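A.B. asks: Encoded as structure tokens, here's the structure I'll be asking about.
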Ligand SMILES: [Zn+2]
């Protein structure tokens with residue numbers, strides 16, 4: 001949907017979908033796009049996708065939080 005203007009700014013890479021998006025939130029040092037954030041919010045914990053999100057989220061919390 002986005003227009004292909006020759007801009008340098010392509011946003012940041014989302015840790016969940018691993019696509020460059022320009023809208024999203026920062027979590028620790030990572031970036032989660034609005035699409036994934038919305039998806040995660042609406043995903044039931046027993047839904048298969050939820051495990052995928054958890055797996056991807058693990059990257060976000062990778063810094064030594066657990067010792
Ligand atoms: Zn995403």
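A.B. asks: How long is the gain from residue 59 to residue 43 if the chain were fully straight, where each residue apart is worth 0.36 nm and the alpha carbon distance is subtracted? Walk me through the numbers before you get to the answer.
C.D. replies: Details: separation 16, 0.36 × 16 = 5.76 nm, distance 1.90 nm.
Computed gain between residue 59 and residue 43 is 3.9 nm.
A.B. asks: Once you put a point 7 Å from the Cα of residue 52 and another 7 Å from the Cα of residue 20, both along the Cβ direction, what distance in nm separates them?
C.D. replies: Calculated label separation equals 2.3 nm.
A.B. asks: Restricting things to alpha carbons, find the Rg to Rh ratio for segment 12-60 using the Kirkwood radius for Rh. Intermediate values should be presented prior to the final figure.
C.D. replies: Values: Rg = 10.2 Å, Rh = 10.7 Å.
Rg/Rh for segment 12-60 comes to 0.95.
Readers should treat all values here as calculations from the given coordinates under stated rules, not as data from a laboratory. Keep in mind it's a predicted model, so treat the numbers as computed, not measured. Neighbour counts run over all protein chains shown; Cβ positions are idealised from the backbone, glycine included.
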